[in-house]
Amino acid sequence: MKICYLDNAATTRVHPQVFSRMTTSFETDYFNPSAMYQPGLAAQKTVAQARQTIADAVGAKRGEMIFTSGGSEGDSLLIRGIIENVRPAVLKQAKIVTSAIEHPAVRDVFRDYEQRGMEVVWIPVNAEGLVDLDALEKAVDARTILVSVIGVHNELGVIQPLAKMARIIKAKNPDCFFHSDFVQGFMKVPVDVRQTAVDGLTLCAHKINGPKGVGAVYLREGRRIRPMILGGGQENGLRSGTENVQGIVGFESAVKVWQDPAVMVRIGEYQQYVAQILTDELGGVTMLGPAATADRSPAVMSVAIKGIRGEVLLHAAEARGVYISTGSACSTHKKEKHGMQKAIGLGRDKAEGTIRISFSALTTWEEVKTGMAVIVAEAQKLRKFMRRQ
């Protein structure tokens, strides 16, 4: 049975170019980049070049990029790093702000601080998932030390107006740190850290056909955070530990794959096709997220299908080799369900009938067309079954 993989927001298959580059690196770049002899210095140069490539992709300086083990560590490094760096006397009166639809890697860190007695403001979103900017403006004041808003949502694909948010935040409190988890947006939605004026950005490799276990954060020059991992002083003392050279060069190679404009053109066509097929063949379909294409990522889409349960459809499609999801993979094992759907005011029936479909640089037209034929057929079967109950 041939596999049709349409759950690329969860993770992606490593691109052949990435695999080849990493394999070569395992054979030639196995030296410690901190070593003082020539091969170690060569490995250090390789890491520096990759750092430059990734920095260029977001308009940052090379020295503003810190390599991590991935998105979750990156979020914690910046959020906890800012909060823990604040003087205890100031911290007692401080508050932090985030949105109602954050990824668990951000949401659960905020909940941890909230449970420890810190004031947390949860900004609502509208029916499309866009953050309420008036509520944001009201929330930020002289006591606000951090605002964190997901740049591109991992289920809705909604693109938040980070530049507008930055202007609001900095007008109310120039010292407030503005962070965005941009894991789902990196290389899929253009971002320039100078234009958006964010202070911190979280990225990772495995969402763009790179390896798991490697990511990066952008930290604006001049901003100070407390490191989470101490030791050898790597990454400007902010993230100690011998560099994951092979993961880092794989990350760089993945960025280069996605720099081909044809990748996003094709992915945009996939999303349009899927929306059209579901609407024409099934009916009773609600596309979640923004109606305007400029406000959403082409790479991920969530759809509520009337008359079915998303989890049942997921397993029916799986039995025929088609892989989709019902939401964030990082929320699968948690008790809380449908958090995003509740935040946008989606009714229970639609929330239960939601599936997520997402694409990568390796997604093919054959996968998309075969996958959609299976999803439509299985959804029609489920509807007939439900009507007989």
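The values are calculated or read from the model by the stated rules, or taken from the named source; none is laboratory data. Predicted, not measured: the structure shown is a model, and the values here were computed from it. These accessible areas exclude ligands, DNA and RNA; they are computed on the full protein's heavy atoms, side chains included. Shrake-Rupley method; radii C 1.70, N 1.55, O 1.52, S 1.80 Å.
Spatial offset of the range 1-16 relative to the range 310-325 amounts to 14 Å, using the alpha carbon center of each. Between helix 38-57 and the chain there is an angle of about 50 degrees, using the helix long axis and the longest principal axis of the Cα atoms.
Add -39500 (n - 2.57) for each DSSP H run of 4 or more in the chain, then divide by its residues: what number comes out at 222 nm, to the nearest 500 deg cm²/dmol? Walk me through the numbers on the way to the answer.
Values: 14 runs with 162 residues, N = 389.
Calculated from helices alone, the mean residue ellipticity at 222 nm is -13000 deg cm²/dmol.
Note on K207: lysines with a C-alpha under 16 Å away, same-chain residues under 8 apart excluded, are K188, K256. Taking the centroid of alpha carbons for each part, the range 68-107 and the range 230-246 are 21 Å apart. Enclosing the Cα atoms of the range 16-258 in their convex hull gives a volume equal to 114 cubic angstrom per residue.
Backbone geometry of the range 92-104 corresponds, through the Karplus equation with coefficients 6.51, -1.76 and 1.60 at θ = phi - 60°, to 3J(HN,Hα) couplings of 4, 9, 6, 9, 10, 10, 8, 9, 7, 10, 6, 5, x Hz, x marking Gly and Pro. Annotation: extensible slack from S20 through A294 equals 95.2 nm (criterion: 0.36 nm per residue apart, minus Cα-Cα distance). Straight-line cross-link reach from K170 at under 19 Å between alpha-carbon atoms covers these lysines, not counting any fewer than eight positions away in the same chain: K95, K138. Ignoring lysines fewer than eight residues from K381 along the same chain, the ones with Cα atoms less than 17 angstrom from its Cα are K306. Full extension of the segment from I229 to A373, taken as 0.36 nm per residue of separation minus the current Cα-Cα distance, would add 47.0 nm. If each residue of separation counts as 0.36 nm, what is the full-extension length gain between R111 and A163 once their alpha-carbon separation is subtracted? Residue separation times 0.36 nm, minus the Cα-Cα distance, leaves 16.1 nm. Annotation: amide H of I145 within the under-5 Å range of K95, sequence separation 5 or more or interchain, hydrogens built in the peptide plane.
The phi-based Karplus calculation (6.51 cos²θ - 1.76 cosθ + 1.60; θ = phi - 60°) puts the 3J(HN,Hα) values of the range 2-17 at 7, 8, 10, 9, 10, 10, 6, 6, 6, 6, 10, 6, 5, 5, x, 5 Hz, whole numbers, x for Gly and Pro.
Annotation: K342 carries an accessible surface of approximately 140 Å², with a 1.4 Å probe and no ligand, DNA or RNA atoms counted.
Computed from Cα positions, the angle between helix 162-172 and the longest principal axis of the chain comes to roughly 50 degrees.
For the chain, give the share of DSSP beta bridges that are antiparallel, in percent and rounded to the nearest 5; count only bridges with both residues there. The antiparallel proportion sits near 55 percent.
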